[in-house]
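The values are calculated or read from the model by the stated rules, or taken from the named source; none is laboratory data. Everything quoted here is computed from the prediction, not taken from an experiment. Note that we place each Cβ from the backbone using ideal geometry, even for glycine, and neighbour counts take in every protein chain shown.
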Amino acid sequence: MRLNVLLAGTGLLLASLALGTSVIAQDEPASPAEDTGGEEEKSKTPFGLYVEAATGVVTAKSIDASVTTLSTHIAYSYLDLEDQMHVRAALGWRLPYGKGDFRIRFDGFKEDGYTFSSNGVQASLDQSLNVATSVLGNLNWWTVDVTDGDMHAVRTPPVWDPLVDDANVNGDVDPEEVRYPNVDMDFTSTIASDLQNRAQAIDLLYGRRFGQGRYTARWWAGFRHFVYQGNIPAAAWLQSTPTGEGFTENTLLPLLNLYNDASGYGPTGSMEIDFNFFDERLALYLEGQVAFMLLDLKVDSGPFSTFVLDQPQSSEVQYVIPIDAQLQATRSKSTWQDSIEAGVRFQMRNGLQFEVAYHITGFLDVILLPTRISIPENLQESRQGTSALYRTQDYVLDGWRAGIAFQF
């Protein structure tokens, strides 16, 4: 609906401005054209407004939200943001006599669906099996799958019997020897259906075209403002003992929600090469753009709890004690953003232009996530709190875009 309103409004604007342009062009005195070395055809009218509206669909590369809490407790998690909406809008002004163009361009990306998957693994067996031997690798305990907020989690405890499963007779538990005969926990639940992942880039540009005939080119240079915000779920083991417990399966323990906020500024430039046909009415083009950004990154998990077991003196009962925790971090860093696109452009004689393009866009190092969380293993360690190590990740998108533009 919003896209239809945008295109309808753009069409009305183009029609009204086109009528005004024809009136102005009748009274415009001719001016001698400068020699600019084969640049684009000189404009004979001072009214050089350019407008553009486009939309498309992109898919993001998987985001790795895996978290290690202990050397034997790991959650391998991945978020896929599929079928995101891409909207482009541009407003520009062409200077007369081939002096170039000014343009402000907006690119926005909006999450339109997601899938999340996680495997909670431990290098340990269920203690009730009474297997006193080494476990030589990670064994899967939990599997979690989420599609647009609908969540399914199952726990399948690994089983190993030295008399039956020790295939290489080494006396140790090898991952390929383990069996998973039964599901002992099966939960369905819901989380947010929209994680509110959004990215936008606003470029203020100046550019010029050069060359003529079959091969032409155009360069742009300017300044970019970039913003990314969104929520990234993550699973984790929040309790060290007993084995198989303390995993965030979202029924007994909720998933971690890692809110990200990144913004920054930097110079940008691009180069386009056109291969023209039919008197430059049809063009196949290839364009590359790069921006050097100074970014401020923030991540916040919100409040959550880790858990420890405590057994008071003269008591045979162990109690699960929750420990308040929250992960927050900020980083400032320089990074790059780049894109490449290839497409076809059809230019009509009245200034109307149609375009279809495939592009790959990389917003590098804009996501900040914890990779290792230090949780207390007993009540004494709880005074140290919960801390984490972090790393940045790229937000890489690829997809198609189609649009319409008008050069007055």
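For region 275-291, give me each residue that is more than 17 Å from A357 (Cα to Cα) and surrounded by 15 or more Cβ atoms within 10 Å (Cβ to Cβ). Break it down stepwise before answering.
As a first pass, look at region 275-291 and keep what is more than 17 Å from A357 (Cα to Cα): 277-280, 290-291.
Scanning region 275-291 gives E280, V290, A291.
Counting only residues that are free of Cβ contacts under 8 Å to residues at least 24 places away in the same chain and of a type outside the set (G, A, S), give me the strands (runs of 3 or more DSSP E) lying completely in region 319-408 with at least 1 of them. Outline the logic, then answer.
Details: elements: 319-347, 352-374, 387-407.
Filter on region 319-408 gives 319-347, 387-407.
Wholly within region 48-121, which strands (runs of 3 or more DSSP E) include no fewer than the required count, namely at least 2 residues that are of a type in the set (S, T, Y) and touching a Ser or Thr at 6+ places or on another chain (Cβ under 9 Å)? Reasoning before the result, please.
Values: elements: 49-60, 67-70, 73-81, 84-94, 101-110.
Answer list for region 48-121: 67-70, 73-81.
Specify which of the listed residues (V67, V58) is in contact (Cβ under 8 Å) with a residue 60 or more places away in the chain, closer than 30 Å to Y206 by Cβ and surrounded by 16 or more Cβ atoms within 10 Å (Cβ to Cβ).
Numbers: V67 fails: closer than 30 Å to Y206 by Cβ.
The unique qualifying residue is V58.
Tell me, please, whether a residue that is at pLDDT 50 or above, among the polar types (S, T, N, Q), within 30 Å of D126 (Cα to Cα) and under 33 Å from the mean Cα position of the chain (by Cα) can be found in region 43-65.
no
Could you tell me which numbered condition P242 fails, if it satisfies all but one of (1) in contact (Cβ under 8 Å) with a residue 60 or more places away in the chain; (2) part of a strand (DSSP E or B)?
Here P242 clears every test but (2).
Can you tell me which condition A235 does not meet? The list is (1) at pLDDT below 95; (2) more than 27 Å from H86 (Cα to Cα), and all the others hold.
(1)
Please go through region 78-120 and pick out each residue that is under 24 Å from A153 (Cα atoms), among the small types (G, A, S) and touching a residue at least 60 places away in the same chain (Cβ under 8 Å).
Listed by number, the residues that qualify are S118, G120.
Of T216, T251, which residue is of a type in the set (S, T, N, Q) and either surrounded by 15 or more Cβ atoms within 10 Å (Cβ to Cβ) or over 33 Å from the mean Cα position of the chain (by Cα) (or both)?
Details: T251 fails: either surrounded by 15 or more Cβ atoms within 10 Å (Cβ to Cβ) or over 33 Å from the mean Cα position of the chain (by Cα) (or both).
Being of a type in the set (S, T, N, Q) and either surrounded by 15 or more Cβ atoms within 10 Å (Cβ to Cβ) or over 33 Å from the mean Cα position of the chain (by Cα) (or both) holds for just one of T216, T251, which is T216.
Given (1) at pLDDT below 95; (2) under 26 Å from S62 (Cα atoms), where does Q200 come up short, assuming only one miss?
The failed condition is (1).
Which of the residues that make up region 361-398 are at positive phi and either surrounded by 15 or more Cβ atoms within 10 Å (Cβ to Cβ) or in contact with a strand residue (DSSP E or B) (Cβ under 6 Å, 6 or more places away or on another chain) (or both)? If you could, list the steps in order and put the result at the bottom.
The first filter runs over region 361-398 and keeps only residues at positive phi, leaving 365, 385.
Matches in region 361-398: D365 only.
Out of (1) out of contact with any Phe, Trp or Tyr (no Cβ under 7 Å at 6 or more places or on another chain); (2) at negative phi; (3) at pLDDT below 95; (4) surrounded by fewer than 19 Cβ atoms within 10 Å (Cβ to Cβ), the odd one out for Q347 is which?
So Q347 meets the others, but not (4).
I want to confirm something. Restricting to region 105-143 and keeping residues that are in contact with a strand residue (DSSP E or B) (Cβ under 9 Å, 6 or more places away or on another chain) and of a type in the set (S, T, Y), which single residue is nearest to P162 (Cα to Cα)?
Taking region 105-143 as the starting set, the residues that turn out to be in contact with a strand residue (DSSP E or B) (Cβ under 9 Å, 6 or more places away or on another chain) are 105-126, 129, 131, 133-143.
Cutting the leftovers down to of a type in the set (S, T, Y) gives us 114-115, 117-118, 124, 133-134, 143.
Details: Y114: 42, T115: 39, S117: 32, S118: 29, S124: 15, T133: 9, S134: 12, T143: 26 Å.
Filtering first and then ranking leaves T133.
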